[in-house]
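Below is one structure; the comments refer to it alone.
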Amino acid sequence: MSGSPTFLLDTCAIIYIGTDQTLKLKAKEIVDAAAKAGSLRVSAISAFEIGQSMSRGPIASTLPPLAFFN
């Protein structure tokens, strides 16, 4: 087990980040540090939820659903 904690982003956090909404500074620092450490995770169900939301229209984005995870 590594020394850094693992952070799991929920679907709303992924959408918030993926649509370039401004995060609070502390949240941005945590997400950036976890990503840099390789300890940032997303749930597979989030991909399904984002795809469904984009196909039905609640998420207005010109990005394809996969772009939220790259």
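The values are calculated or read from the model by the stated rules, or taken from the named source; none is laboratory data. Bear in mind that the values here come from a model prediction, so they are computed numbers and not experimental data. No Cβ is skipped: glycine too gets one built from the backbone with ideal geometry, and neighbour counts run over all protein chains shown. Surface areas here come from the heavy atoms of the whole protein model, side chains and all, with no ligands, DNA or RNA. Shrake-Rupley method; radii C 1.70, N 1.55, O 1.52, S 1.80 Å.
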- What pairs come up if the first residue lies in region 13-30 and is farther than 17 Å from ASN70 by Cα, the second is in a helix (DSSP H, G or I), and their beta carbons are under 8 Å apart, counting only those six or more places apart or on different chains? LEU23/TYR16; LEU23/ILE17; LEU23/VAL31
- Query: How many residues are over 24 Å from LEU63 (Cα atoms) and exposed (fewer than 10 other Cβ atoms within 10 Å of the Cβ) if we restrict to region 19-38?
  - Reply: 2
- Note on the structure: Per the list (1) open to solvent by 60 Å² or more (accessible area, probe 1.4 Å); (2) more than 11 Å from the chain's Cα centre (by Cα); (3) of a type in the set (Ser, Thr, Tyr), residue check on TYR16 breaks on (2)
- Working only within region 41-70, note down all residues that are in contact (Cβ under 8 Å) with a residue 24 or more places away in the chain and open to solvent by 50 Å² or more (accessible area, probe 1.4 Å). ARG41, VAL42, ILE45, GLU49, LEU63, PHE69
